[in-house]
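Worksheet for the structure shown next.
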Amino acid sequence: METAQLLGLTGEQEALLRECDFGRWRGRSLEEVHTAEADQLASWGTDAFAAPHGGESFVDLMVRADEWLQARAQAEGRELVIGDPLILRAVIACALGGSAAMLWHLDLTPLALVRLNFSGGRWHLRFDKGD
């Protein structure tokens, strides 16, 4: 919501596109988590079903992203989504028919613009320069 306001936009929060629930890791840097819980972090990064932090697994995140995509496929009109990079990577992975393992292979730069269009029974993506 803060980013939308900085861009002069108004909107509403979408529960399905909320940030990943990092459980007890919330608010900690990756370095801090690695120092304190290296084995659990490695597990989370290699097992899409793992949630050693007590929050969401990558599979859980993908389920939410796919649920949102399915609803959008049936909707008309356009909408702008501003969101956390991890959930947006999950949306892109789902749109491409990928798995949670794909999340590690997608990078989004700040203010990246990704256009999703549903036609002919499938999603089409277009990436525009984000600066």
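Before moving on, here are some points about what is shown:
- Taken as a whole, the structure places G55 among residues that are touching a Gly at 6+ places or on another chain (Cβ under 9 Å), of a type outside the set (V, I, T) and surrounded by fewer than 19 Cβ atoms within 10 Å (Cβ to Cβ).
- Residues of the stretch 107-123 satisfying the condition of being over 16 Å from A71 (Cα atoms) and not in a loop (DSSP other than H, G, I, E, B): L113, V114, R115
- Selection over the stretch 90-104 of residues that are free of Cβ contacts under 8 Å to residues at least 24 places away in the same chain and open to solvent by less than 40 Å² (accessible area, probe 1.4 Å) gives a count of 1.
- Qualifying residues in the stretch 44-103 (those that are of a type in the set (K, R) and out of contact with any helix residue (DSSP H, G or I) (no Cβ under 7 Å at 6 or more places or on another chain)) - the one farthest from E2 (Cα to Cα): R72
- Among (1) in contact (Cβ under 8 Å) with a residue 12 or more places away in the chain; (2) open to solvent by 20 Å² or more (accessible area, probe 1.4 Å), the one test that R64 misses: (2)
- Note on the stretch 1-106: enclosed helices (runs of 4 or more DSSP H) holding 2 or more residues that are of a type in the set (F, W, Y) are 58-74.
The values are calculated or read from the model by the stated rules, or taken from the named source; none is laboratory data. What you are looking at is a predicted structure, and each value in this text was computed from that prediction instead of being measured. Neighbour counts are summed over all protein chains in view; Cβ atoms, including those assigned to glycine, are modelled from backbone coordinates with ideal geometry. Accessible surface areas use protein heavy atoms only, side chains included; no ligands, DNA or RNA. Shrake-Rupley method; radii C 1.70, N 1.55, O 1.52, S 1.80 Å.
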